[in-house]
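Notes follow the structure.
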(Lines give C-alpha, C1' and ligand atoms only; values in the text may rest on other atoms or scores of the structure.)
Protein backbone atom coordinates (compact mmCIF):
# COMPACT_ATOMS: atom_id res chain seq x y z
CA UNK A 1 0.00 0.00 0.00
CA UNK A 2 2.87 2.34 0.88
CA UNK A 3 4.44 1.81 -2.56
CA UNK A 4 1.22 2.67 -4.39
CA UNK A 5 0.78 5.87 -2.35
CA UNK A 6 4.35 6.97 -3.07
CA UNK A 7 3.89 6.19 -6.77
CA UNK A 8 0.68 8.26 -6.83
CA UNK A 9 2.36 11.21 -5.09
CA UNK A 10 5.29 11.00 -7.53
CA UNK A 11 2.89 11.05 -10.51
CA UNK A 12 1.00 14.06 -9.10
CA UNK A 13 4.27 15.93 -8.55
CA UNK A 14 5.41 15.19 -12.12
CA UNK A 15 2.07 16.32 -13.59
CA UNK A 16 2.04 19.50 -11.49
CA UNK A 17 5.64 20.23 -12.49
CA UNK A 18 4.82 19.78 -16.18
CA UNK A 19 1.73 21.99 -15.87
CA UNK A 20 3.77 24.67 -14.13
CA UNK A 21 6.44 24.57 -16.86
CA UNK A 22 3.78 24.75 -19.60
CA UNK A 23 2.06 27.70 -17.89
CA UNK A 24 5.41 29.48 -17.53
CA UNK A 25 6.21 28.95 -21.22
CA UNK A 26 2.82 30.34 -22.26
CA UNK A 27 3.28 33.33 -19.97
CA UNK A 28 6.73 34.13 -21.36
CA UNK A 29 5.55 33.70 -24.94
CA UNK A 30 2.91 36.39 -24.42
CA UNK A 31 5.14 38.82 -22.53
CA UNK A 32 7.00 40.54 -25.33
CA UNK A 33 7.49 44.04 -23.94
CA UNK A 34 7.20 45.58 -27.40
CA UNK A 35 3.84 44.00 -28.08
CA UNK A 36 1.18 46.66 -28.58
CA UNK A 37 3.69 49.42 -29.38
CA UNK A 38 2.31 52.19 -31.59
CA UNK A 39 4.41 53.09 -34.65
CA UNK A 40 6.13 56.43 -34.02
CA UNK A 41 5.06 57.72 -37.44
CA UNK A 42 1.43 57.22 -36.48
CA UNK A 43 1.97 59.39 -33.39
CA UNK A 44 3.88 62.14 -35.23
CA UNK A 45 1.36 62.33 -38.09
CA UNK A 46 -1.61 62.72 -35.74
CA UNK A 47 0.08 64.34 -32.75
CA UNK A 48 -2.91 66.41 -31.69
CA UNK A 49 -5.10 63.31 -31.38
CA UNK A 50 -2.47 61.64 -29.16
CA UNK A 51 -1.97 64.74 -26.96
CA UNK A 52 -2.02 63.77 -23.27
CA UNK A 53 -2.44 60.06 -24.01
CA UNK A 54 -0.12 57.40 -22.64
CA UNK A 55 1.42 55.28 -25.41
CA UNK A 56 4.06 52.61 -25.81
CA UNK A 57 6.76 52.84 -28.49
CA UNK A 58 9.62 50.60 -29.53
CA UNK A 59 12.75 51.60 -31.43
CA UNK A 60 16.45 52.44 -31.38
CA UNK A 61 17.86 55.36 -29.48
CA UNK A 62 20.01 58.15 -30.87
CA UNK A 63 20.98 61.73 -30.12
CA UNK A 64 21.18 62.18 -26.38
CA UNK A 65 19.88 65.61 -25.37
CA UNK A 66 20.95 67.62 -22.31
CA UNK A 67 19.75 71.18 -21.85
CA UNK A 68 22.40 73.36 -20.18
CA UNK A 69 21.62 74.90 -16.78
CA UNK A 70 18.62 72.60 -16.32
CA UNK A 71 18.09 69.00 -15.33
CA UNK A 72 16.19 68.33 -18.56
CA UNK A 73 17.51 65.43 -20.59
CA UNK A 74 16.19 63.21 -23.31
CA UNK A 75 16.96 61.06 -26.29
CA UNK A 76 15.54 60.37 -29.71
CA UNK A 77 13.84 57.07 -30.59
CA UNK A 78 13.50 55.90 -34.20
CA UNK A 79 11.55 53.03 -35.67
CA UNK A 80 10.87 52.28 -39.33
CA UNK A 81 8.03 54.83 -39.42
CA UNK A 82 9.41 57.92 -37.68
CA UNK A 83 11.32 59.56 -34.85
CA UNK A 84 10.32 61.21 -31.57
CA UNK A 85 12.12 62.89 -28.66
CA UNK A 86 11.66 61.20 -25.28
CA UNK A 87 12.21 63.28 -22.10
CA UNK A 88 13.29 61.35 -19.04
CA UNK A 89 14.37 61.71 -15.42
CA UNK A 90 16.15 58.33 -15.57
CA UNK A 91 19.66 57.61 -16.83
CA UNK A 92 19.98 58.14 -20.58
CA UNK A 93 20.22 54.97 -22.68
CA UNK A 94 23.25 54.37 -24.90
CA UNK A 95 23.01 55.45 -28.54
CA UNK A 96 21.76 52.62 -30.72
CA UNK A 97 20.12 50.75 -27.84
CA UNK A 98 16.77 49.10 -28.57
CA UNK A 99 14.17 50.29 -26.07
CA UNK A 100 10.50 49.92 -25.30
CA UNK A 101 9.17 53.10 -23.71
CA UNK A 102 5.84 53.98 -22.19
CA UNK A 103 5.06 57.65 -21.81
CA UNK A 104 2.65 60.55 -22.21
CA UNK A 105 2.51 62.44 -25.51
CA UNK A 106 3.09 66.17 -25.07
CA UNK A 107 3.32 69.14 -27.41
CA UNK A 108 4.65 72.64 -26.91
CA UNK A 109 1.50 73.86 -28.66
CA UNK A 110 -1.51 72.54 -30.56
CA UNK A 111 -2.83 75.13 -33.01
CA UNK A 112 -5.85 74.41 -35.19
CA UNK A 113 -5.37 70.67 -34.67
CA UNK A 114 -1.68 70.80 -35.60
CA UNK A 115 0.84 69.68 -32.98
CA UNK A 116 4.15 71.55 -32.59
CA UNK A 117 7.13 70.38 -30.53
CA UNK A 118 5.78 66.86 -30.15
CA UNK A 119 7.60 64.65 -27.61
CA UNK A 120 7.06 61.82 -25.17
CA UNK A 121 7.43 62.19 -21.39
CA UNK A 122 8.83 58.81 -20.28
CA UNK A 123 6.97 57.03 -17.48
CA UNK A 124 8.56 53.60 -17.89
CA UNK A 125 11.37 52.01 -19.92
CA UNK A 126 12.16 48.33 -20.31
CA UNK A 127 15.90 47.63 -20.13
CA UNK A 128 17.39 45.94 -23.21
CA UNK A 129 16.86 42.19 -23.36
CA UNK A 130 14.19 42.14 -20.61
CA UNK A 131 10.81 40.77 -21.59
CA UNK A 132 8.14 42.23 -19.35
CA UNK A 133 4.35 42.67 -19.62
CA UNK A 134 2.83 46.09 -19.02
CA UNK A 135 -0.64 46.21 -17.61
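Whether a residue is surrounded by 12 or more Cβ atoms within 10 Å (Cβ to Cβ), within 16 Å of residue 38 (Cβ to Cβ) and either out of contact with any helix residue (DSSP H, G or I) (no Cβ under 8 Å at 6 or more places or on another chain) or modelled with pLDDT under 95 (or both) was assessed, and residue 54 passes this test.
Residues being at pLDDT 90 or above and in contact with a helix residue (DSSP H, G or I) (Cβ under 8 Å, 6 or more places away or on another chain) are represented in segment 65-78 by at least one member.
The values are calculated or read from the model by the stated rules, or taken from the named source; none is laboratory data. Please read these numbers as outputs of a predicted model, since none were measured by experiment. Counting neighbours? That spans all protein chains shown, and the Cβs are built from the backbone with ideal geometry, glycine included.
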